[in-house]
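Values in this text are rule-based calculations from the coordinates and carry no lab data. All of these numbers come straight from a predicted model, not from anything done at the bench. Backbone-built Cβ (ideal geometry, glycine too); neighbour counts: all protein chains shown.
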Amino acid sequence: MTVDESVDRHDLTELLDAVASVRVAVARLVDERLPVTAGEVAQGRTVDGALSSLPSGSQRLARVISRFGLDRFETGLLLLCAGAEVDAELAGLLSRAAGPGRSVLPTFQLAMASLPGGHWRAIGPGSPLRRWRMIEVGPGDSLLASPLRISERLLMHLIGVDQLDERLAGVVRPGAHGVALDAAYHRAAERLASAWAGEPGLQGLTDGPVVLLVGGDIDVHPAIVADACTLLGLTRYDLNETALPSQAHELDALSRLWEREALAVRRRTTRQYRGRR
């Protein structure tokens, strides 16, 4: 087994452990005769107990919860959608709950009935789950009954497979590795890293400092950015402006995809100006 295979299996195991409590909740919805046992309470296998302890469980899931600001119900809804893809037992329960001839994907109606703390904000277009395209709403007779599917990119991230969303291919590309900098340029990289490190989480990424490097050798600017990214553990990507869509709604959708990518996997985009515009 290679190192990457070991990491993927570990991440998948952690995700399945987190999904277990949601599976229990759906099982109770399907068969109301199932009681909450003392053992499940002691092990934190009730939904409330499991969701409150997630930050000490799955590291990738915990980071997603923190960086996107998900509450307990939103977390449970995300796990429900993820579990439908990776947990055969939960998929079977969802099929039983939906009934013959219906989609086996979870619905908001099922989530509201089975998970604690349900609220309508979780499915609204401005919620973290919808704004950042973490879940997708399929066609249905009503919003409550429409099938919900986790984003393929986010599911892959949660099980330990980090590949750039295919919709971003050609728009952003990995930046070149940095080169050794002299003392003055390295201090500039440290100041840049300090400015980015001070960002307060989610809003800091979308509304925080956009840094413009001026002066000195312009050809060294990418190396300064690369050095700053290395100091912060970020992966640098360069923006290909010629590949950006011209329609406002397409540009907004692309922007949200990239911001989701940057939040989940800690990536940075750079753009180099030459001359005046």
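The table below lists the values:
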{"item": "Computed lengthening from Ala91 to Thr242, 0.36 nm per intervening residue step minus Cα-Cα distance", "result": "50.1 nm"}
{"item": "Cβ crowding within 10 Å averaged over residues, with 162-169, 89-96 ranked highest first", "result": "89-96, 162-169"}
{"item": "Listed peptides 213-220, 184-191 by packing density, highest first (mean Cβ within 10 Å)", "result": "184-191, 213-220"}
